[in-house]
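This report refers to the structure that appears directly beneath it.
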Amino acid sequence: MITTTEQSLVGAEECLKIVWPCESSRPCKRTFDNWKADRLIPYVKIGRRIYFDPVEVRHAINKQFRVEVKS
């Protein structure tokens with residue numbers, strides 16, 4: 001879980017480590033890159049470099065992949 005409320009831009013590897021602290025449950029970088037290519041997670045492109053805001057990524061993942069319980 002993300003412990004900081006401060007918004008910061010980080011690379012893909014660091015974003016994966018922040019959003020999924022437990023390495024065994026972390027998706028691979030290839031999956032993360034596919035989500036970026038499919039525009040499922042937000043990113044910032046500055047020149048050739050790609051950066052992610054872990055807070056925004058977590059919100060996008062919750063919005064896209066959360067399954068609600070039927071009652």
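Go through the stretch 6-46 and report how many residues are open to solvent by less than 50 Å² (accessible area, probe 1.4 Å) and at positive phi.
Of the residues in that region, 0 qualify.
Answer yes or no: is there a residue in the stretch 47-60 that is open to solvent by less than 50 Å² (accessible area, probe 1.4 Å), modelled with pLDDT of 95 or more and of a type in the set (Lys, Arg).
no
The values are calculated or read from the model by the stated rules, or taken from the named source; none is laboratory data. Please read these numbers as outputs of a predicted model, since none were measured by experiment. The accessibility values were calculated without ligands, DNA or RNA, using every heavy atom of the protein model including side chains. Shrake-Rupley method; radii C 1.70, N 1.55, O 1.52, S 1.80 Å.
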